[in-house]
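Okay, structure first, notes after.
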Amino acid sequence: MDHPIVRNLGVQPYLHTYELMHQFSQTRDHQTPDEIWLVEHYSVFTQGKVSKTQHLLHATDIPIIQTDRGGQITYHAPGQQIMYILLDLKRLNIGIRNVVRYLEKSVIVTLANYNIIATTKDNAPGVYIDGKKICSLGLHISRGCTLHGLALNVDMDLTPFNMINPCGYPGLKMTQVIDYIADINQVEIATAMAQSFISQLTLGS
């Protein structure tokens, strides 16, 4: 298989990237190469397509954006590494459960490079360290292709997570890479995560 094209988009407004992602998905055909977008967003809450309003616990000046991804409410800000995956599942001949597993494993493998032990939870997508969530997942399928992806907390202000039930789980505590290692190179982490995900795709397909 041809490897996805990896693009580093820097820090972008959420809605701008959301619209670009959908434009890409709507105009691609069976020959369009898959892509992986590495990006950070300015401070924003995003809600999944079935997100319940009660998971926003406090009034806030932070923008709240409704999306078509799966999952409940979460928070994005600079210092959180997002990886959007724009894959043609039919061409790859893989299912969405495999994609979720590959995403989770790409984070676990990347964190292991820094001697951070992370795990998954049954029936609660994402990646966790000692019960605290370090990475959230949310996907959408359109025309057999994936949109959205994962968000790994690296070195950000976690305070706004206190305004929500993260991913719909009351009392869920969030954590980030900086809590476990002092010296962080986010570009290095992002690159390793993307390459690990590509390895999962290659091995699994």
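Every read-out reported here was derived from the displayed coordinates using simple, explicitly stated rules and does not represent laboratory data. Bear in mind that the values here come from a model prediction, so they are computed numbers and not experimental data. Cβ placement follows ideal geometry from the backbone for every residue including glycine, while neighbour counts extend to all protein chains displayed.
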Exercise for review: In whole Hz, with x marking every Gly and Pro, tabulate ³J(HN,Hα) for region 142-147 from phi via Karplus 6.51 cos²θ - 1.76 cosθ + 1.60, θ = phi - 60°.
Suggested key: 9, 6, x, 10, 8, 10
Check your understanding: Say the dipole of region 50-205 comes from +1 at the beta carbon of Lys and Arg and -1 at that of Asp and Glu; which of Gly149, Leu92, Ile73 then lies farthest toward its positive end?
Key -> Leu92
Review point. Once you list every other residue whose beta carbon is under 11 Å from the beta carbon of Gln80, what net charge do they have if Lys and Arg are +1 and Asp and Glu are -1?
Key: -3
Study note, to complete from the structure: Scattering profile of region 5-204 from the Debye formula, Cα beads only, expressed as log10 I(q)/I(0) at q = 0.09, 0.18, 0.19 Å⁻¹, is -0.30, -1.33, -1.50
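Helix-only mean residue ellipticity at 222 nm, the chain, DSSP H runs n ≥ 4 weighted -39,500 (n - 2.57), per residue, nearest 500. What is it?
Working: 4 runs with 54 residues, N = 205.
My calculation for the chain gives -8500 deg cm²/dmol from helical runs alone.
Using a/c under 1.5 as the rounded threshold, could you call region 94-205 rounded, prolate or oblate? The axes a ≥ b ≥ c are square roots of the C-alpha gyration tensor eigenvalues, and prolate needs a/b larger than b/c, oblate otherwise. Walk me through the intermediate numbers first.
Working: a/c = 1.83, a/b = 1.21, b/c = 1.50.
Oblate, since a/c reaches 1.5 and b/c is not below a/b.
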**Study point:** Length released on extending from Arg97 to Asn185, taking residue separation times 0.36 nm less the Cα-Cα span
**Key:** 28.7 nm
**Study point:** Simple label model, 7 Å out from Cα along Cβ direction - Asp61 to Ile141, nm
**Key:** 4.2 nm
Study note, to complete from the structure: Taking Ser142, Ser25, Ser106 and counting other beta carbon atoms within 10 angstrom, the fewest-first order is Ser142, Ser25, Ser106
